[in-house]
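Just below is one structure, and these are the notes that go with it.
The values are calculated or read from the model by the stated rules, or taken from the named source; none is laboratory data. Just so you know, these numbers come straight off a predicted model, no measurement behind them. No Cβ is skipped: glycine too gets one built from the backbone with ideal geometry, and neighbour counts run over all protein chains shown. With ligands, DNA and RNA removed, areas are computed over all heavy atoms of the protein, side chains included. Shrake-Rupley method; radii C 1.70, N 1.55, O 1.52, S 1.80 Å.
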Amino acid sequence: MDGSSAERFRQLLCGLQDAIRDRLVAARAETVSETLAAIVDVTAADTIYHIDRVSESVVFDWFDRCWPTAEPVELVMEGGKEGTPCTFPRSSPLADCRWVCIIDPVDGTRTLMYDKRSAWTLAAIAPRRSDGTRLADLKVAAMTELPCRKQWASDQISGVRGGGRPGLVVERVDVRTGSRTAIDLKPSQGTDFHHAFASFSRFFPAGKSLLAELEESLWRELYGNNAAAGPVVFDDQYLASSGQLYELMAGHDRMIGDLRPQVYQRLGLQQAITCHPYDLCTSFLLEEAGGVVESPLGGALDAPLDTTTPVGWVGFANQTLARLIRPVLHRLIRERLL
């Protein structure tokens, strides 16, 4: 993928996400939360709510209207027929597709449909490999904030792998007027976790106690167990992997770990809800911003581009924090979860 193609794809993904955001903003102004929160389907990837169907319809309509016909693409997302490739232009043979576009139309559905917190819409593109395209193959990505009703600002981050911080395009969109302003996101340069936010995802009752025990052991080994000293590390549970990545990029959080696949496997809960590759398709943007994202035991994230494979991950604001916590975290994972 050359530079001009990458920039063209970046702009296309941002245009798609602008359309999704604008449609959802309008739909939520017209529809009560209970309607948007209605369950309409349950797939191997996730529970599908009415708000998901609204965003999916935008995706298919946008690809029909806007995707360049000279660039056949395979689309990977919820909402298609399982086991049936979805291609654009419609009915293009899969063998003709040079590209794969993986999309999560709404990451953070549950918090957005109840108007609790922003969700995000995600998309990324990779050259299609006949032997199976993977997360590491993604070259272009974009993520756009889907704001709650009282919020007028929507942040959009996009970029090309290898471009570094100068290659990131970060804008704040006024959803009332459509005006855009360039902003700067920078991960924290902190060197420890004292009085900072660092969390492990434990959104559901299943596995919560095991995760809490591991987390307590981690901070105890790093900082001791003096309760009189007050809180050392603050916790936040952003119910969207992309929102967690944003918090790291924006300098709000210093570490986030999602060990649900390892915890659920340890407990024999194979059907429990976890993070999937489409939730992490924009994760390399954190690396471009200067942060770190990796597998729980270190190394690059490695998973097929699909909507069902469980993926655990850990993100750090910088390498100093990663080097500080890795030895203890890796040992605890091996002892408690494997």
Requested in this report: Determine the pairs where a residue that is over 17 Å from Leu12 (Cβ atoms) and exposed (fewer than 12 other Cβ atoms within 10 Å of the Cβ), located within region 76-105, has a partner that is small (Gly, Ala, Ser) and modelled with pLDDT under 90 with Cβ atoms under 8 Å apart, the partner being 6 or more residues away or on another chain.
Outcome: Glu82/Ala44
Query raised in the report: What single numbered condition from (1) polar (S, T, N, Q); (2) closer than 20 Å to Trp120 by Cβ; (3) out of contact with any His (no Cβ under 9 Å at 6 or more places or on another chain) fails to hold for Thr307?
Result: (3)
Query raised in the report: Mind checking whether some residue in region 282-294 is in contact (Cβ under 8 Å) with a residue 40 or more places away in the chain and within 25 Å of Glu213 (Cβ to Cβ)?
Result: yes
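Quick grid of which residues meet (1) within 22 Å of Arg266 (Cα to Cα); (2) in contact with a helix residue (DSSP H, G or I) (Cβ under 8 Å, 6 or more places away or on another chain):
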| residue | (1), (2) |
| --- | --- |
| Leu297 | yes, yes |
| Leu305 | no, yes |
| Val314 | yes, yes |
| Thr320 | no, no |
| Arg323 | no, no |
| Arg326 | yes, no |
| Leu338 | yes, yes |
Report task. Pull up region 228-269, narrow it to residues that are open to solvent by less than 50 Å² (accessible area, probe 1.4 Å) and of a type in the set (D, E, K, R), then point me to the one that is farthest from Val170 (Cα to Cα). Result -> Arg260
Report summary line: Residues of region 100-110 being over 13 Å from Arg28 (Cα atoms) and not in a strand (DSSP E or B), in sequence order, are Gly108, Arg110
Query raised in the report: Does region 144-156 contain at least one residue that is touching a residue at least 12 places away in the same chain (Cβ under 8 Å), out of contact with any Leu (no Cβ under 8 Å at 6 or more places or on another chain), of a type outside the set (Lys, Arg) and on the phi > 0 side of the Ramachandran plot?
Result: no
**Report entry** Selection count, region 321-338, where residues are open to solvent by less than 60 Å² (accessible area, probe 1.4 Å) and modelled with pLDDT of 95 or more
**Finding:** 9
Query raised in the report: Taking interchain pairs and intrachain pairs at least six residues apart, which have beta carbon atoms under 7 angstrom, with the first residue in region 1-17 and assigned to a helix (DSSP H, G or I) and the second basic (Lys, Arg) and at pLDDT 95 or above?
Result: Ala6/Lys139
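For every residue, the table says whether it meets (1) part of a strand (DSSP E or B); (2) of a type in the set (Asp, Glu); (3) in contact with a strand residue (DSSP E or B) (Cβ under 9 Å, 6 or more places away or on another chain); (4) without any contact (Cβ under 8 Å) to a residue 60 or more places away in the chain.
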site	(1), (2), (3), (4)
Ala141	yes, no, yes, no
Thr191	no, no, no, no
Ala206	no, no, no, no
Ser209	no, no, no, yes
Glu213	no, yes, no, no
Ser217	no, no, no, no
Query raised in the report: Which one is least open to solvent (accessible area, probe 1.4 Å) among residues in region 199-216 that are of a type in the set (Gly, Ala, Ser) and out of contact with any Gly (no Cβ under 8 Å at 6 or more places or on another chain)?
Result: Gly207
